[in-house]
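Visitor: Below: one structure in structure tokens.
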Amino acid sequence: MKKIKVLFLASEADPFIKIGGLGDVAGSLPNALLDLGDEIDVRLIIPLHKQIIPETFGITHYSTFVTDLGGKKQSVDVFKTNKKNLEVFFLSGEPISDKEKVYDSNIELDGEKYIFFDLAALEFIKRDGWQPSIVMANDWHTAIALHAIKQRQADPFWRNVKTVITIHNLCYMGAGTEAILERFGISKVITDKIPWWGKHVPLPMGILAADKIVTVSPTYSKEIQTAEYGCGLEEYFQYRAEDVVGIVNGIDQDIWDPEKDQAIPQTFSISEIDNKKVNKQYLQELFHLAPKPSVPLLAMVTRMDQQKGVDTLLEAIELISSEKYQMIILGTGNPEIEEKCKLLEEKYPEQVRAIIKYDGKLSRQIYASADMILMPSRYEPCGIAQMISMRYGSVPIVRATGGLKDTVTEERTGFLFEHINAGELAASIIKALRTYKKKDLWKRMQTNCMDENFSWQNSAEKYKNLFESLV
Ligand code: GLC
């Protein structure tokens, strides 16, 4: 059989640069696809963001070419390294190298960076003579590449190339980049299939161009076909229902392994879950919480963002004030939400700690110590923290949405609540606290959690089947 060549485009990829969950996916899935065997070949291309230090990853210069973008000559520098058997390319050039942030609050800066990246990536791969069977884009940042491929149908290099867009977060579409698109010679699409406002916006343009539309969980693939989650494109997704596919993400089970994790005070395995206690005590002491093993420790590790429902948690805490528990909230983001978390800590000094920072090591210690992890998300295309927490024997309490619904089972591996309101969340927390007291039952739930298989292999196989159906 002919080898399937997949060109994987992303704005970020772990370990080179990671801001959010997309970084985890782009950091794992390409290698997981290669690990499936010889029938599939993958190349990953990301921008050479300022934050990426080439020496750290053995990244070296590969080539330079000059491209014509909307009538303006622009030089593109290509760099390369290997991540195990994966070839990873990095693109640079002024629209990338002059930007301070990976994602800027000024959408025009992001627009210039990513639309340049998308067009440069296509030109690079053609110059390099590596003709892909599939180009897979992720979110709005790389969506324009798919649109541009459909514009190049007269070119035999691109004519038979199939395209897949994976949606990690539908709400960010890249709106506000119209002027940049225009400058790079990309006009609005002519169609009656999507609303007027989407015709010159990267994500809808990429979705229109894509042969298949993937969401990062099956439930989210259904949700985006409803007005509540569809961000205005629900009717289009209904129309394309046969092309909309949900494939749940995995986690890198080597990176997230309580038996080997160097960041946690005490490693443990499924047969010695009780060793988690050592980690819990360490955290209780670190944050000056009463070092009592019997008091359940709840935790939330999150971006402080509307999406994540931190505000709902803060309200729910007021409803459980008569319960015995301790809680640690770790994360940064929206300053208003950060401030509210701090105020809550002041109000409940015996119980609540709000640590306002991004701290990878501490987050591991929290997963390894907590009894329960909270994810009251408004929407959650996939979610990764629930899978990590299960692997570390911490039972998730989650809103029944998106990937959370697909990965957590009520009273077997966690607790779910339907609607985003403080009452339902509080009820779910109380149910979890009651269950916690039944030692055997709780241990069984922890064991069920740690027994789950969230390896990337499962997801990679589904992507492979999808690719095979296209070529
Ligand atoms: C986005 C989504 C999250 C998902 C991640 C990776 O960050 O919000 O739910 O897990 O992308 O696909």
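Visitor: Could you list, in sequence order, all residues of region 104-139 that are under 16 Å from Met205 (Cα atoms), assigned to a helix (DSSP H, G or I) and of a type in the set (Val, Ile, Thr)?
Guide: Matches in region 104-139: Ile115 only.
Visitor: Considering only region 345-405, give the strands (runs of 3 or more DSSP E) lying wholly within it that have at least 1 residues that are in contact with a Gly (Cβ under 7 Å, 6 or more places away or on another chain).
Guide: By residue number, 372-375, 395-399.
Visitor: Which residues, taken from region 84-142, are over 15 Å from His49 (Cβ atoms) and of a type in the set (A, V, I, L, M)?
Guide: Passing the criteria: Leu86, Ile107, Ile115, Leu119, Leu122, Ile125, Ile134, Val135, Met136, Ala137.
Visitor: Now for a separate question. Of the residues Glu108, Glu112, Glu12, which single one is open to solvent by 50 Å² or more (accessible area, probe 1.4 Å) and modelled with pLDDT of 95 or more?
Guide: Glu108
Visitor: Out of the residues in region 140-166 that are part of a strand (DSSP E or B) and open to solvent by less than 10 Å² (accessible area, probe 1.4 Å), state the one that is nearest to the ligand (Cβ to nearest atom).
Guide: Filtering region 140-166 for residues that are part of a strand (DSSP E or B) and open to solvent by less than 10 Å² (accessible area, probe 1.4 Å), the one nearest to the ligand (Cβ to nearest atom) comes out as Thr166.
Visitor: Tell me which residues, restricted to region 40-60, are of a type outside the set (S, T, N, Q) and in a strand (DSSP E or B).
Guide: The answer is Ile40, Asp41, Val42, Arg43, Leu44, Ile45, Ile46, Pro47.
Visitor: Restricting attention to region 356-373, does a residue exist that is surrounded by 24 or more Cβ atoms within 10 Å (Cβ to Cβ) and within 16 Å of the ligand (Cβ to nearest atom)?
Guide: Yes, that holds for at least one residue.
Each row is one residue, and each column tells you yes or no for (1) open to solvent by 30 Å² or more (accessible area, probe 1.4 Å); (2) farther than 28 Å from Val216 by Cβ; (3) away from the ligand (no atom under 16 Å from the Cβ); (4) assigned to a strand (DSSP E or B).
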site	(1), (2), (3), (4)
Ala32	no, no, no, no
Asp38	yes, no, yes, no
Tyr62	yes, yes, yes, yes
Val66	yes, yes, yes, yes
Thr81	no, no, yes, yes
Val88	no, no, yes, yes
Leu91	no, no, yes, yes
Ile96	no, no, yes, no
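Visitor: Here is a follow-up. Residue under question is Glu380, and the condition is that it be touching a residue at least 12 places away in the same chain (Cβ under 8 Å) and within 16 Å of the ligand (Cβ to nearest atom); does it hold?
Guide: Spelling it out, Glu380 is indeed touching a residue at least 12 places away in the same chain (Cβ under 8 Å) and within 16 Å of the ligand (Cβ to nearest atom).
Visitor: Moving on to the next point. With the structure loaded, tell me whether Asp118 is open to solvent by 10 Å² or more (accessible area, probe 1.4 Å) and either basic (Lys, Arg) or assigned by TED's automatic domain parsing to the domain that holds Gln51 (or both) or whether it fails that test.
Guide: Numbers: open to solvent by 10 Å² or more (accessible area, probe 1.4 Å): no; either basic (Lys, Arg) or assigned by TED's automatic domain parsing to the domain that holds Gln51 (or both): yes.
Considered against the rule, which asks whether it is open to solvent by 10 Å² or more (accessible area, probe 1.4 Å) and either basic (Lys, Arg) or assigned by TED's automatic domain parsing to the domain that holds Gln51 (or both), Asp118 comes out as no.
Each row is one residue, and each column tells you yes or no for (1) within 24 Å of the chain's Cα centre (by Cα); (2) at pLDDT 95 or above; (3) open to solvent by 20 Å² or more (accessible area, probe 1.4 Å).
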position	(1), (2), (3)
Asp211	yes, yes, yes
Ser217	yes, yes, no
Ile255	yes, no, yes
Lys260	yes, yes, yes
Thr267	no, yes, yes
Lys277	no, yes, yes
Phe287	no, yes, yes
Pro296	no, yes, no
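Visitor: Would you mind stating whether Ile273 is more than 21 Å from Asn448 (Cα to Cα) and crowded, with 17+ Cβ neighbours inside 10 Å?
Guide: No; evaluated as a whole, the condition is false for this residue.
Visitor: Let me ask something else about it. With respect to Lys73, determine if the residue is more than 16 Å from the chain's Cα centre (by Cα), free of Cβ contacts under 8 Å to residues at least 24 places away in the same chain and open to solvent by 30 Å² or more (accessible area, probe 1.4 Å).
Guide: In short, yes.
Visitor: Of the numbered conditions (1) in a helix (DSSP H, G or I); (2) surrounded by 20 or more Cβ atoms within 10 Å (Cβ to Cβ); (3) outside the structural domain of Asp41 (by TED's automatic domain parsing), Thr447 fails exactly one; give the number of that condition.
Guide: Exception for Thr447: condition (2).
Visitor: While we're here: If Gln225 satisfies every condition in (1) open to solvent by less than 20 Å² (accessible area, probe 1.4 Å); (2) more than 16 Å from the ligand (Cβ to nearest atom) but one, which is the exception?
Guide: Unmet for Gln225, out of (1) open to solvent by less than 20 Å² (accessible area, probe 1.4 Å); (2) more than 16 Å from the ligand (Cβ to nearest atom): (1).
Visitor: In addition: Given the criteria open to solvent by 40 Å² or more (accessible area, probe 1.4 Å), of a type in the set (Val, Ile, Thr) and not assigned by TED's automatic domain parsing to the domain that holds Cys171, does Ile397 qualify?
Guide: Answer is no for this residue.
Visitor: Is there any pair with a first residue in region 1-21 that is within 11 Å of the ligand (Cβ to nearest atom) and a second that is open to solvent by 10 Å² or more (accessible area, probe 1.4 Å) and hydrophobic (A, V, I, L, M, F, W, C) whose Cβ atoms are under 8 Å apart and which are 6 or more apart or on different chains, and what are they?
Guide: Ala10/Leu22; Glu12/Ile19; Glu12/Leu22; Gly21/Ile384
The values are calculated or read from the model by the stated rules, or taken from the named source; none is laboratory data. Since the model is a prediction, treat every value here as computed from it, not as a measurement. Ideal geometry is used to build each Cβ from the backbone, glycine not excepted, and the neighbour counts take in all protein chains shown. What goes into the accessible areas is simple: the full protein's heavy atoms, side chains included, and nothing from ligands, DNA or RNA. Shrake-Rupley method; radii C 1.70, N 1.55, O 1.52, S 1.80 Å.
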